[in-house]
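The values are calculated or read from the model by the stated rules, or taken from the named source; none is laboratory data. In this text, all values refer to a predicted model and were calculated from it rather than measured experimentally. Positions of Cβ are backbone-derived with ideal geometry, glycine not excepted, and every protein chain shown enters the neighbour counts. Protein only, heavy atoms only, side chains kept; ligands, DNA and RNA dropped before computing areas. Shrake-Rupley method; radii C 1.70, N 1.55, O 1.52, S 1.80 Å.
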Amino acid sequence: PLAGLRIGVLGGWFQVVEPEVRDCTDEATRVLVELGAELVPLEMPLIERINPDAVKRVIVVAESAALHDHNLTGYGEIFAQILESGAEVRATDYIHALRLRSLLSVSAAGLFDSVDVLVSATCPIVAPPETSDVVKLAGRDYVLADIVARNTSLFNISGHPAVTVPSG
């Protein structure tokens, strides 16, 4: 039983998902309500202005390059490209990304002022064909690598624990 549990349902940014993903998420929240949880609609306006995935990307590639600075050879092509791009991140861009991460972290922490946990789709798309590099979401083309972590990047950089539960 989940009586007394307040579950935040993130709107806006987190609702830009494929219909199949929305159906699975809606079904999961329906089950939570049946078990006694209370759903609380939440918005995070800051995320509409600061893309957490872009912030994460700057930080991750810069830190990966620093971590592997002693040896940039012997990696696969994709990881080698990540390390190369990370080595080119300017210190000012890295510092700005850290500041934005701090703003996003504080905003994410504020979500828990009125709820115990959050629910959202982990990934906004269903698994695409293996050969897909570009996917369409809400009428817009996205590079696959730029969209798969769209909904989890906030938690990846804010330090909040998260769990993914298979559905569908």
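Some notes on this structure:
- Test: residue in the stretch 80-93 that is modelled with pLDDT of 95 or more and either touching a strand residue (DSSP E or B) at 6+ places or on another chain (Cβ under 7 Å) or closer than 18 Å to residue 160 by Cα (or both): no
- Top-ranked residue of the stretch 29-46 - restricted to ones that are touching a strand residue (DSSP E or B) at 6+ places or on another chain (Cβ under 9 Å) and crowded, with 17+ Cβ neighbours inside 10 Å, ranked as nearest to residue 157 (Cα to Cα): 44
- Options 80, 97, 138: the member that is aliphatic (A, V, I, L, M) and on the phi > 0 side of the Ramachandran plot: 138
- Neighbours by Cβ (under 7 Å, 6+ apart or cross-chain): first from the stretch 139-156, free of Cβ contacts under 8 Å to residues at least 24 places away in the same chain; second of a type outside the set (Phe, Trp, Tyr) and open to solvent by 70 Å² or more (accessible area, probe 1.4 Å): 141/134; 142/134; 143/133; 143/134; 144/133; 144/134
- Beta carbons closer than 6 Å, at least 6 apart along the sequence or on distinct chains, pair a first residue in the stretch 48-74 that is open to solvent by less than 50 Å² (accessible area, probe 1.4 Å) with a second that is in a loop (DSSP other than H, G, I, E, B) and of a type in the set (D, E, K, R) for 53/150.
- Look at (1) in contact (Cβ under 8 Å) with a residue 40 or more places away in the chain; (2) not in a loop (DSSP other than H, G, I, E, B) and you find that residue 44 fails only one, number (2).
- Residue pairs meeting the criteria (Cβ under 6 Å; at least 6 apart or on separate chains; first of a type outside the set (D, E, K, R), in the stretch 77-91; second not in a helix (DSSP H, G or I)): 83/68; 83/72
Here's the yes/no breakdown for (1) part of a loop (DSSP other than H, G, I, E, B); (2) touching a Lys or Arg at 6+ places or on another chain (Cβ under 7 Å); (3) farther than 30 Å from residue 4 by Cα:
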| position | (1), (2), (3) |
| --- | --- |
| 31 | no, no, no |
| 48 | no, no, yes |
| 53 | no, yes, yes |
| 62 | no, no, yes |
| 71 | yes, no, yes |
| 75 | yes, no, yes |
| 97 | no, no, yes |
| 100 | no, no, yes |
| 106 | no, no, no |
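- Residues within the stretch 124-168 that are loosely packed, with under 14 Cβ neighbours inside 10 Å and part of a helix (DSSP H, G or I), tallied: 2
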